[in-house]
2 protein chains.
Amino acid sequence: MSRRDEVIDAAERILEAEGLSALTMRRLGEELAMRAPSLYKHVAGKPEIEAALQERALRQVGAALAAAGPGLRGLAAAYRSWATKHPRLYDLATRRPLRRDDTTVAAEAYAEEPLLAVLGGNRDTARALWGVAHGLVDLELAGRFPPDADLDATWDAAMRAFSREFLAAGPVADDADDSVRD
Amino acid sequence: MSRRDEVIDAAERILEAEGLSALTMRRLGEELAMRAPSLYKHVAGKPEIEAALQERALRQVGAALAAAGPGLRGLAAAYRSWATKHPRLYDLATRRPLRRDDTTVAAEAYAEEPLLAVLGGNRDTARALWGVAHGLVDLELAGRFPPDADLDATWDAAMRAFSREFLAAGPVADDADDSVRD
DNA sequence: TTGCCTGGCTAACGCTGTTAGCCTAGACTG
DNA sequence: CAGTCTAGGCTAACAGCGTTAGCCAGGCAA
């Protein structure tokens, strides 16, 4: 494992355990038993570290989705579950612009794949679905729903809506209790 | 207008014109022809300024929604339009935890009102709808959709799904081209 | 052996939010 | 009218941030 990978590993460890504000170059150096400026021998700067973590997060999400239970609800549950288990990583990965280079774009495509598979390749509905999932997770993680909100019910409402839409829109095998077309 | 309000005004101006990274205490002082430490005579610290801006943003969103065109699609269009016109304010308002005090909670309720009005008071579906809208806007603002994505089509797919769900769920008068029930 | 490159180090810079402590102008009070 | 208090400015300074410059030891290659 290259020294650079060790740096990224340590960054991930600190981020998950102590949060984004603890992820400083000096703290990172401490974790690796070196001084902060020495990190620059292995890494261009903090933005590069963050981009690497974004890429890792995308790959992890992709893997979680690929291993998800069947259909729309399985996908949604896997998404929400991964995000709430790795809130800081999710936060870093989605709450700031993605630096689009070859590796991040590849990771992005990888994460998107299971969605498209379920949706028969319909990109618009896939994006819409991603939108709900991200929106609900994002608001939940930011503590924007009132404490007494029943989020399971909220997700249920959203998924009910979307499974109808996808049934209407194209070839999706989900919990088909309905067949609608317009 | 109190001196404190002038500080918040200046902060809003700087945020909208120059972005979050430009919103520093020294820059803010400059805008008000004073030194940064003097700001602390009017405001407890930067977090308070940010919370005040969050509250303003919520009120503005609420007003935009209240003035929106009819039905679900009007609401969605108004939401997206406000957010893309005030990306930095939207960002600040939604991408970090809300400091819940009396004024922010009141502002939150105010912003939520038009949603609940359209949805006949169903909070779960309202939250789900908020989730999609926020998710799509958030991903758009963060530049997470590929440059060639047709976001109008994406919003359309989402709104189609949701108008069906709401028709099914309860008393909503929207662009009713369908009637589904399960 | 000599030279070079890798990967550590210290010192320092300019930026951030924030605190301590000083001072002055105006208002209020005896 | 004199005295006091306070609101609201100021400078100096601190700790922490990301980052750069420049130095130096160890290992490897010619």
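The values are calculated or read from the model by the stated rules, or taken from the named source; none is laboratory data. Here the structure is a predicted model, which is why all the values come from computation and not from measurement. Every residue, glycine among them, receives a Cβ derived from its backbone with ideal geometry; neighbour counts consider all protein chains shown.
A few remarks follow.
- Residue selection: residue B:46 satisfies the criterion of being within 15 Å of DNA strand D (Cβ to nearest atom) and under 22 Å from the mean Cα position of the chain (by Cα).
- Members of the range B:47-63 found to be within 14 Å of another protein chain (Cβ to nearest Cβ) and either more than 8 Å from DNA strand C (Cβ to nearest atom) or free of Cβ contacts under 8 Å to residues at least 24 places away in the same chain (or both), listed by number: B:50, B:51, B:54, B:55, B:57, B:58, B:61
- Residue in the range B:167-177 that is more than 24 Å from residue A:149 (Cβ to Cβ), modelled with pLDDT under 85 and within 9 Å of chain A (Cβ to nearest Cβ) present: yes
- Tallying residues that are at pLDDT below 85 and within 13 Å of chain B (Cβ to nearest Cβ) within the range A:95-104 yields 6.
- Qualifying residue in the range A:13-30 (condition: within 16 Å of DNA strand C (Cβ to nearest atom), at pLDDT 95 or above, charged (D, E, K, R) and surrounded by 15 or more Cβ atoms within 10 Å (Cβ to Cβ)): yes
- Subset of the range B:140-158 that is surrounded by fewer than 22 Cβ atoms within 10 Å (Cβ to Cβ) and in a helix (DSSP H, G or I) - its residue that is nearest to the other protein chains (Cβ to nearest Cβ): B:153
- Boolean, residue B:84 is within 18 Å of residue B:14 (Cα to Cα) and among the hydroxyl-bearing types (Ser, Thr, Tyr): yes
- Sole residue being touching a Gly at 6+ places or on another chain (Cβ under 9 Å), farther than 28 Å from residue B:24 by Cα and more than 11 Å from chain A (Cβ to nearest Cβ), chosen from B:78, B:66, B:107, B:117: B:78
- Of all residues in the range A:11-33, those that are free of Cβ contacts under 8 Å to residues at least 12 places away in the same chain and more than 14 Å from chain B (Cβ to nearest Cβ) have Cβ atoms under 7 Å from Cβ atoms of residues that are more than 15 Å from DNA strand C (Cβ to nearest atom) and assigned to a helix (DSSP H, G or I), 6 or more apart or on another chain, in A:22/A:14.
- Among the conditions (1) in contact with a helix residue (DSSP H, G or I) (Cβ under 6 Å, 6 or more places away or on another chain); (2) within 12 Å of another protein chain (Cβ to nearest Cβ); (3) touching a residue at least 60 places away in the same chain (Cβ under 8 Å), residue B:91 misses just one, which is (1).
- Evaluated against (1) within 25 Å of residue A:20 (Cα to Cα); (2) buried (at least 18 other Cβ atoms within 10 Å of the Cβ), residue A:87 falls short on exactly one condition, (2).
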